[in-house]
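Computed from the coordinates by the stated procedures, all read-outs in this text should not be read as laboratory data. A quick note: this is a predicted structure, and the numbers were derived from the prediction, not measured. Cβ sites come from the backbone with ideal geometry, for glycine too, and all protein chains shown count toward neighbours.
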Amino acid sequence: MPFLLLKLIRAIRPRVRYRRAMAIFAFDVDHTLEISDGPVPLSALAALREQGHVVGLCGNWGFVVQRVTDWHRLVSFLGPIACTKVDQLTELKKHVPADDYVMVGNDPAVFGNSPDREAAAEAGWRFLREAEFAAGMR
Ligand SMILES: [Mg+2]
């Protein structure tokens, strides 16, 4: 193929930018995060951020902001604030585009107090129990 034709094809070819899949992870706090009697270390949240995911809290967020100095570098959203967990998750999914929506929290039938499995199901989020996440499931 003549050189000039190749050059022209390269010039008009659409630029395709590949991006990694981005997920939003919402974490319950009590009985989920290590700082509140759960198995998930804060370093696991930082690792998700480094991988390009969005990380936030859907639980006892006041506990976290009062104890973690740099909480604002760790999470992108706090909640629920004056609403239910279902409301928070529903609103996030409605407005924030992502490839996957994951709630990490408790199933009181197994461990913990918060009905996060139900909230995730109602809001259309994928649910991971705190122990599953801590064991490496994503
Ligand atoms: Mg909980």
Charge-dipole axis of the chain as Lys and Arg at +1 and Asp and Glu at -1 on Cβ define it, positive-most pick from Val96, Val65, Val55: Val96
Projected area averaged over orientations for the chain, convex hull of C-alpha atoms, nm²: 11.3
Likely footprinting exposure, Thr32, Thr84, fewest C-beta neighbours within 10 Å first: Thr84, Thr32
Residue of Ile24, Ile12, Ile35 that the Gaussian network model of the chain assigns the largest fluctuation, springs spanning Cα pairs under 10 Å: Ile12
MRE, 222 nm, helices only [DSSP H, n ≥ 4, -39500 (n - 2.57), over the chain, to nearest 500]: -10500 deg cm²/dmol
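Over the chain, calculate the relative contact order: mean separation of alpha carbon pairs under 8 Å at least 6 apart, over the residue count, as a percent.
Working: 218 pairs, mean separation 34.5, N = 138.
Relative contact order, the chain: 25 percent.
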Choice from Arg117, Arg73, Arg19 with maximal GNM fluctuation in the chain (Cα, 10 Å cutoff): Arg19
Charge dipole magnitude, Cβ of K and R +1, D and E -1 - segment 20-134, Cα centre, debye nearest 20: 320
